[in-house]
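S.K.: The following block contains the structure, expressed as structure tokens.
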Amino acid sequence: MSRANVKKGVGIALRVFLILVAVLLIVYIAYMLIARYALHIPTPTVFGLGGASVVSGSMEPEISVGDYVITLRQDSYAQGDVIMFYTQDGVCTTHRIVEIVDGSFRTKGDANNAADLFLVGADDVVGKVVSVLPGVGAVIGFLQSPAGLCILLAVIAVVWFACENFSRRKKQDEADGPADGGGE
């Protein structure tokens, strides 16, 4: 395979990848925006996966303000699991299960002195924390906003147009033929 064909194949693959990423991001972010603002679901999930930016230090030092936690819905939860759940007033919280009482969970923030006064029902649990992304909560939160979506799409469009421009220039250079090596 010639070098030109390899470059052409890489260019096509890059364009397909950019389209795929753009479509997936648009669908995902549109779903998140609709779920949050139209359906009033504070922490939407996709196939049991959810996530949220951390806004309090109740789980320090393991989870800090500005981190992003990823959760996965489980069939059951055990003492010691860190879970994300809704409180009675609808606030999304991430704490550790310290006790299981008749199928409900007593939770406590690692940095808090005492356990929470309320019990968390299984239906109020979003999922178990399976990953913590240190320091990226603000960035992800921004990308999930309407302004963040617009900026992300603009960046994808700029990369797309840069690839197209590079491809056009390359075709033009090939059509013009090799440049003269210099004159005397």
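S.K.: How high is the relative contact order of region 46-135, in percent, with contacts defined as C-alpha pairs under 8 Å that are six or more residues apart?
M.R.: Details: 201 pairs, mean separation 30.9, N = 90.
Worked out over region 46-135, it gives 34 percent.
S.K.: Cβ neighbours within 10 Å, averaged per peptide: list 139-148, 68-77 in order, most packed at the top. Intermediate results must be reported in sequence, preceding the final value.
M.R.: Details: 139-148: 14.2, 68-77: 16.0.
By packing density, highest mean first, the sequence is 68-77, 139-148.
S.K.: Could the peptides 47-60, 10-23 be put in order, highest first, of the mean number of other beta-carbon atoms found within 10 Å of their residues?
M.R.: The packing order, highest mean first, is 47-60, 10-23.
S.K.: Could you give the nm distance between label points at V55 and I140, where each point is 7 Å from its Cα heading toward the beta carbon?
M.R.: The two pseudo-label positions are separated by 1.6 nm.
S.K.: Determine the calculated [θ] at 222 nm for the chain from helices alone, applying -39500 (n - 2.57) to every DSSP H run no shorter than 4 residues and normalising by the residue count; nearest 500 deg cm²/dmol. Mind showing how you got there, number by number?
M.R.: Working: 3 runs with 69 residues, N = 184.
Mean residue ellipticity at 222 nm (helix-derived): -13000 deg cm²/dmol.
S.K.: State whether the chain is rounded, prolate or oblate according to the following rule on the C-alpha gyration tensor (a ≥ b ≥ c being the square roots of its eigenvalues): a/c under 1.5 gives rounded; otherwise a/b larger than b/c gives prolate, and the remaining case gives oblate. If you can, show how the numbers build up before the last one.
M.R.: Details: a/c = 3.40, a/b = 3.11, b/c = 1.09.
Prolate, since a/c reaches 1.5 and a/b exceeds b/c.
S.K.: Check cross-link reach from K170 to the lysines: straight Cα distance under 30 Å, and skip same-chain residues fewer than eight apart.
M.R.: K7, K8
S.K.: Rounding to the nearest 10 and keeping the result within 0 to 90°, find how far the Cα-based axis of helix 146-176 lies from the longest principal axis of the chain.
M.R.: Long axis of 146-176 versus the principal axis of the chain: about 20 degrees.
S.K.: Here's another thing I want to ask about it. Against the longest alpha carbon principal axis of the chain, how many degrees, from 0 to 90 and to the nearest 10, is the axis of helix 3-33 turned?
M.R.: Relative to the chain, helix 3-33 is tipped by roughly 30 degrees.
S.K.: Take the alpha-carbon centre of region 91-134, take the same for region 34-82, and report the distance between them in whole Å.
M.R.: When both Cα centres are located, 11 Å separates them.
Bear in mind that the values in this text are calculations on the coordinates, not laboratory data. A quick note: this is a predicted structure, and the numbers were derived from the prediction, not measured. Methodologically, a virtual Cβ is constructed for each residue, glycine included, from the backbone with ideal geometry; neighbour enumeration extends over all protein chains shown.
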